[in-house]
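J.: Before anything else, here's the structure in question.
The values are calculated or read from the model by the stated rules, or taken from the named source; none is laboratory data. What you are looking at is a predicted structure, and each value in this text was computed from that prediction instead of being measured. For neighbour counting, all protein chains shown are included, and Cβ atoms are generated from backbone atoms with ideal geometry for every residue, glycine included. Remember, those area values only see protein heavy atoms, side chains included, never the ligands or the DNA or RNA. Shrake-Rupley method; radii C 1.70, N 1.55, O 1.52, S 1.80 Å.
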Amino acid sequence: MTTITPTSERSSFVWLFFDTLAVTKRHILKITRVPESLFFSLIQPVMFVLLFAFVFGGAINVGPGGAQSYREYLIPGIFAQTVMFATAGITVAISYDAQLGIMDRFRSLPMSPGAVLGGHTLANLVQNILVLVVLSITGFAVGWRIHGSIADAATAYVLMGLFAYAVTWIGAWVGLKMPNPEVASTAGLAWLFPLTFASNIFTPVSTMPGWLQPIALWNPVSCIALSARKLFGNPTPGLGSTFPETHTVLLTFIYAVAIIAIFAPLAVRAFKQNSSGGKA
Amino acid sequence: MTKAIVASGLTKHFGDVKALNGIDLEVEQGTVVGLLGPNGSGKTTTVRILSTLLKADSGSATVGGIDVASHPDDVRKVIGLTGQYAAVDNYLTGRENLELFGRLFHLSKSEAKVRAAELLERFDLEDAADRGIKGYSGGMRRRLDLAASLIGNPSVLFLDEPTTGLDPRSRQGMWDVIEGLVAEGTTVLLTTQYLEEADQLASRIVVLDHGSVIAQGTSDELKNQVGGDRIELIVTHSEDLARAEETLKPLASGATVVEEAIRKVLAPVSGGSRAIVDAVRRLDEANIDIADIALRRPTLDDVFLSLTGHVAEDAEVGPKKPGRRGGRGGKK
Ligand SMILES: Nc1ncnc2c1ncn2[C@@H]1O[C@H](COP(=O)(O)OP(=O)(O)OP(=O)(O)O)[C@@H](O)[C@H]1O
Ligand SMILES: [Mg+2]
């Protein structure tokens, strides 16, 4: 009945792959069972686009185009903000899993320990891709355009996907470190706010107070937004000549890889050690 | 006989709380051992260490002959675990849950399907198989949870309070299933707060309190440890109580107890039914009206109370121990 392949270095990688797929399937099924959750994760960024494009659009001046050029500036920022805030969802979802005891079941199975989080993060990526598609359409409707080459645009989307995937590992790690879903839902947002808003997503760095400017410039969230603006050919007002401004795409890529390299092992370790035991 | 589970000197603390104080445990292959104890006594912690979810601070344990600390992956291939809290995905159907766990047990796709169908049938969940388990009753969810832990045909099964929160009929159903598994040769370590459950299912019982084993043996051995039979007499008139006690004293093998409020005299005796015949004759000669008299064997409840009650007295001086609240945690 129980056919077990002996664990060798190679087969454990193969199992990581298959187990991750199995867990991903679980989460995708879940999305289809509760379409409301997908709906609201889509509607929120769309509302942000409309709100900022029409309410604040006139007040923030980023170039000669007035409100129109602010919208072009804004959309890549909203992309960045959206993928950042999507991580709060995974933080809560993982904390719920732990509370319900299903984590214990996973940990008592001879499955690959990385697969539970691998599946969670991969399913989150699928959802993020959907959100990016819907956002792109909304952006197009309010006047955002891609002015660069198709290759550059494709690079922008791949980079956003990679970045989105990377930060979900931070969300996963935070979720495993929190004692229950209530705490996780606040903690999952707590680190996002400063990181997301001390960035160029809504206003150019050059308009910020001097002490904040270097922080905002090196902030990974600014980097992904600026990368997208450059690759899509959208406005980049007040662009200086510091390293994050001249090597933005490279730096963003390094950030994404570094985040995965640090937080994926941290999260998997937290998963192995997590001992909340399904206690509320 | 070989030992399916051996634990020696397991200790574990969480912050300041000493959850386990050196647990020794042995379970013969193919038998059921019941782990009995009040809230917070360390039952779940013991199960979690043996099922590789938690590392002990010190001590060692093997399951199926495999060391849980050094080879957790190999242990996971031979065990099944049903935790205290339901461990299934609420948004999936029963079948999807079982197939998922089957895949993660590394069964092939078709094997996982077949195994899931087998288990759904066995646990009487076929009708509900393709419904989301959000709509399952507590009993159905428990059965699915148990089914999930059997996905890999485990030789050693850990059941943490498998029937807590179930109505008597569902509980009986669960017991039947567990008895069936044992008949097929599965070794079971079961935790429970129901003495009746331990009495019914377990061939040996280990009583925990404050993270230590305070007694163990068969249910009969434990009962004998508390004392043998006793006569319980209720007199009709409370003024007869003192005379009744005097009358029974010569028969008693230990100290007699009078509970005035319910006009009851308790007398530990040896000699079984002869003792009660003797008692009735003497009471009759003394002209004492008997409302009720019975020879009672101690129940596991008596064992439990006498063992843990003793410990509780000691603890009364200090602050109340955490985890000794009266009620159960959440309804799950
Ligand atoms: N993850 C944890 N963090 C902190 N303390 C814990 C943890 N798990 C258990 N404890 C503590 O360890 C002690 C033993 O707990 P355990 O869950 O093993 O008891 P139990 O016998 O299963 O109780 P119950 O009948 O309530 O399920 C308790 O005092 C409990 O509060
Ligand atoms: Mg418990």
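J.: Quick test for you: out of A:Phe40, A:Phe13, A:Phe17, pick the one residue that is open to solvent by 60 Å² or more (accessible area, probe 1.4 Å) and modelled with pLDDT of 90 or more.
T.: When all the criteria are applied, what remains is A:Phe17.
J.: Spot the failing condition for B:Gly135; the list is (1) in contact (Cβ under 8 Å) with a residue 12 or more places away in the chain; (2) open to solvent by 40 Å² or more (accessible area, probe 1.4 Å); (3) more than 11 Å from chain A (Cβ to nearest Cβ), and only one is missed.
T.: With (1) in contact (Cβ under 8 Å) with a residue 12 or more places away in the chain; (2) open to solvent by 40 Å² or more (accessible area, probe 1.4 Å); (3) more than 11 Å from chain A (Cβ to nearest Cβ) applied to B:Gly135, the lone miss is (1).
J.: Follow-up question, since we're still on this one. Determine, yes or no, whether B:His106 is over 21 Å from B:Glu121 (Cβ atoms), away from ligand 1 (no atom under 16 Å from the Cβ) and facing another protein chain (nearest Cβ under 9 Å).
T.: So B:His106 passes the test.
J.: A further question on this structure: Just give me the residues in the stretch B:1-34 being exposed (fewer than 14 other Cβ atoms within 10 Å of the Cβ), outside any strand (DSSP E or B) and either among the β-branched types (Val, Ile, Thr) or within 12 Å of ligand 1 (Cβ to nearest atom) (or both), in sequence order.
T.: B:Thr2, B:Gly15, B:Asp16, listed by residue number.
J.: So which strands (runs of 3 or more DSSP E) stay within the stretch B:152-229 end to end and still have 2 or more residues that are more than 14 Å from every other protein chain (Cβ to nearest Cβ) and within 16 Å of ligand 1 (Cβ to nearest atom)?
T.: Strands (runs of 3 or more DSSP E) meeting the threshold: B:187-192, B:204-209, B:212-217.
J.: Turning to a different aspect of this structure: Assuming A:Trp144 fulfils every condition listed in (1) outside any helix (DSSP H, G or I); (2) more than 30 Å from B:Val47 (Cβ to Cβ); (3) within 14 Å of another protein chain (Cβ to nearest Cβ) apart from one, which condition is it?
T.: Every listed condition holds for A:Trp144 apart from (3).
J.: Inside the stretch A:126-169, can you point out the residues that are within 18 Å of A:Leu226 (Cβ to Cβ), open to solvent by 60 Å² or more (accessible area, probe 1.4 Å) and of a type in the set (A, V, I, L, M)?
T.: Scanning the stretch A:126-169 gives A:Ile146, A:Val158.
J.: If I ask for residues that are of a type in the set (Asp, Glu) and either free of Cβ contacts under 8 Å to residues at least 24 places away in the same chain or within 13 Å of ligand 2 (Cβ to nearest atom) (or both), which ones from the stretch B:152-168 would you list?
T.: The answer is B:Asp160, B:Glu161.
J.: Also: In the stretch B:151-172, what residues are farther than 27 Å from B:Gly40 by Cα and either open to solvent by 10 Å² or more (accessible area, probe 1.4 Å) or among the hydrophobic types (A, V, I, L, M, F, W, C) (or both)?
T.: Of everything in the stretch B:151-172, those that are farther than 27 Å from B:Gly40 by Cα and either open to solvent by 10 Å² or more (accessible area, probe 1.4 Å) or among the hydrophobic types (A, V, I, L, M, F, W, C) (or both) turn out to be B:Ile151, B:Asn153, B:Pro154, B:Ser155, B:Arg169.
J.: Within the stretch B:39-115, which helices (runs of 4 or more DSSP H) (wholly inside it) include 3 or more residues that are closer than 23 Å to B:Gly135 by Cβ, open to solvent by less than 20 Å² (accessible area, probe 1.4 Å) and in contact with a helix residue (DSSP H, G or I) (Cβ under 8 Å, 6 or more places away or on another chain)?
T.: B:94-104
J.: Take the conditions farther than 20 Å from B:Thr192 by Cβ, of a type outside the set (A, V, I, L, M, F, W, C) and within 14 Å of another protein chain (Cβ to nearest Cβ) and apply them to B:Lys55. Does it pass?
T.: Answer is yes for this residue.
J.: Here's something else I'd like to know. If B:Met140 meets every condition in (1) facing chain A (nearest Cβ under 7 Å); (2) hydrophobic (A, V, I, L, M, F, W, C); (3) open to solvent by 20 Å² or more (accessible area, probe 1.4 Å) apart from one, which number is that one?
T.: Unmet condition: (1).
J.: Within the stretch A:254-271, is even one residue within 30 Å of A:Gly175 (Cβ to Cβ), within 16 Å of ligand 2 (Cβ to nearest atom), within 14 Å of chain B (Cβ to nearest Cβ) and without any contact (Cβ under 8 Å) to a residue 12 or more places away in the chain?
T.: no
J.: Right, A:Leu100: open to solvent by 10 Å² or more (accessible area, probe 1.4 Å) and out of contact with any helix residue (DSSP H, G or I) (no Cβ under 8 Å at 6 or more places or on another chain) or not?
T.: yes
J.: If you go through the stretch B:254-266 one residue at a time, do you hit one that is on the phi < 0 side of the Ramachandran plot and within 16 Å of ligand 1 (Cβ to nearest atom)?
T.: Scanning the stretch B:254-266 turns up no residue that is on the phi < 0 side of the Ramachandran plot and within 16 Å of ligand 1 (Cβ to nearest atom).
J.: Here's another thing I want to ask about it. With B:Gly254, B:Gly185 as the choices, which residue is surrounded by fewer than 21 Cβ atoms within 10 Å (Cβ to Cβ) and under 29 Å from the mean Cα position of the chain (by Cα)?
T.: So the residue among B:Gly254, B:Gly185 that is surrounded by fewer than 21 Cβ atoms within 10 Å (Cβ to Cβ) and under 29 Å from the mean Cα position of the chain (by Cα) is B:Gly185.
J.: A follow-up question, please. Can you find, within the stretch A:59-86, the residue that is farthest from A:Thr207 (Cα to Cα) among those that are free of Cβ contacts under 8 Å to residues at least 12 places away in the same chain and open to solvent by 70 Å² or more (accessible area, probe 1.4 Å)?
T.: A:Pro64
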